[in-house]
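For reference, the structure is listed below as structure tokens.
The values are calculated or read from the model by the stated rules, or taken from the named source; none is laboratory data. Note that the structure is a prediction, hence the values are computed from the model and not measured. Backbone-built Cβ (ideal geometry, glycine too); neighbour counts: all protein chains shown.
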Amino acid sequence: MKQCRMDNALPVDTTIPDPSLVVLIGAAGSGKSTWASTWPTTQVLELDRFRALVSDDAGCQEATGDAVFALQAVLEARLARRKTTVVDATNCERSVRADLIATARRHGVPTVALVVSTPVAVCADRQEGRPVNRRVPEPVVRAQHAAMVDAFPALPAEGFDHVVVAENLYRLEALLQRVSDALRRDRGWDGGEGLGDLLLVRRCFGPEILPMWRWRDGSQLAGGDRVAELRLGADRLVLALRTDIDGDVGFEVLMACPVFADCKSAAWTPAYNTTDLLRALTGDLATDPDTYCTDHGPDDPEGRADLEQQYADAVRA
Ligand SMILES: Nc1ncnc2c1ncn2[C@@H]1O[C@H](COP(=O)(O)OP(=O)(O)OP(=O)(O)O)[C@@H](O)[C@H]1O
Ligand SMILES: [Mg+2]
Ligand SMILES: [Zn+2]
């Protein structure tokens with residue numbers, strides 16, 4: 001099966017040097033722009049954006065030639081400065097990739113093929129929810145996907161220094177860092193009114209998080225709280241929406257037990273913002289005094305008495 005060949009053909013390479021030219025390769029709807037969002041916006045050259053810049057319409061196919069011309073001019077200027085640049089287009093055609101590699105070579109910048117190999121049925125399904133001018137017909141999506149699968153084994157021979165499969169990457173930390181920095185810089189940001197759970201996600205963690213956010217089906221905890229997964233490539237965070245914190249609502253992130261290293265019970269820490277998610281991902285939140293294990297409570301080496309008191313109170317209640 002084609003999918004297997006993609007998984008087994010090469011040893012796993014996740015190297016993305018800095019600087020480098022990162023060439024995203026994937027069908028429409030595969031998630032290229034979502035991956036691109038893990039880089040700072042100035043480093044991403046998105047073909048749809050250039051179509052919009054030259055024609056006011058991101059989906060205007062007639063504008064593709066001018067958009068490619070403008071994108072290449074910016075790419076040239078960036079690589080001359082040895083700036084890491086991500087080209088967010090389908091890049092499923094060999095001639096398109098050959099031009100990109102040649103440009104990077106002229107400037108001595110290494111090249112990375114970042115392959116987004118989302119199953120074709122998922123790419124096609126994702127077209128449904130899009131505005132009409134951004135919807136790509138299913139036969140085109142299928143042709144792009146097939147071209148990506150066919151190209152995969154030959155990418156090193158085409159001249160790419162690294163061939164990276166997106167599903168093997170850990171880039172959630174980079175994304176969270178960027179969003180967290182931006183929200184802190186922009187002190188006026190309050191995210192507006194909370195109207196429903198997804199708006200709360202947006203308000204707490206920023207709009208970039210939404211494509212990676214999935215509520216777990218039928219996942220209500222005992223108290224009726226919803227559980228969600230924040231997932232990108234090989235990274236995962238699990239969060240619970242607490243609806244009754246002294247009449248307020250907020251998120252908690254799943255952590256390791258702070259009391260016993262080999263404990264398998266769920267432990268939780270409040271996550272108020274993107275910085276907290278970043279700290280959960282990097283392990284910095286592990287020592288947060290608010291972390292509590294559902295079986296062992298908080299780690300409180302100097303206050304065992306408190307813990308015992310809590311336990312005694314709970315038993316009496
Ligand atoms: N890691 C992910 N987990 C779940 N859903 C995702 C993920 N990445 C992307 N999606 C969903 O897929 C949709 C398409 O993603 P995206 O816009 O990044 O694709 P694309 O490859 O850039 O498409 P196009 O080539 O048409 O620009 C997004 O709206 C998002 O909801
Ligand atoms: Mg896109
Ligand atoms: Zn525990």
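Numbers for the structure displayed
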quantity	calculated
Residue within segment 91-99 that is assigned by TED's automatic domain parsing to the domain that holds D13, β-branched (V, I, T) and within 16 Å of T42 (Cα to Cα) present	no
Among the residues listed as D99, D18, the single one being assigned to a helix (DSSP H, G or I) and either of a type outside the set (A, V, I, L, M, F, W, C) or closer than 17 Å to V141 by Cα (or both)	D99
Unique match (being in a helix (DSSP H, G or I), of a type in the set (D, E, K, R) and modelled with pLDDT under 95) among D66, D7, D57	D7
Answer residue from segment 269-298, given it is among the β-branched types (V, I, T) and closer than 15 Å to R242 by Cα and is farthest from the chain's Cα centre (by Cα) among those	T294
Filtered residues of segment 108-133 (kept if in a loop (DSSP other than H, G, I, E, B) and either surrounded by 20 or more Cβ atoms within 10 Å (Cβ to Cβ) or on the phi < 0 side of the Ramachandran plot (or both))	V109, P110, V116, S117, T118, P119, E128, G129, R130, P131
Of all residues in segment 282-314 being charged (D, E, K, R) and assigned to a loop (DSSP other than H, G, I, E, B), the one that is modelled with the lowest pLDDT	D300
Residue check, V120 touching a strand residue (DSSP E or B) at 6+ places or on another chain (Cβ under 7 Å) and assigned by TED's automatic domain parsing to the domain that holds L24	no
Hey, T38 assigned by TED's automatic domain parsing to the domain that holds R130, crowded, with 16+ Cβ neighbours inside 10 Å, within 12 Å of ligand 1 (Cβ to nearest atom) and under 23 Å from R135 (Cα atoms) or not	no
The lone exception for L200 - which of (1) modelled with pLDDT under 85; (2) surrounded by fewer than 16 Cβ atoms within 10 Å (Cβ to Cβ) it fails	(2)
Any chance A174 is at negative phi, modelled with pLDDT of 80 or more, out of contact with any strand residue (DSSP E or B) (no Cβ under 7 Å at 6 or more places or on another chain) and in the same structural domain as T38 (by TED's automatic domain parsing)	no
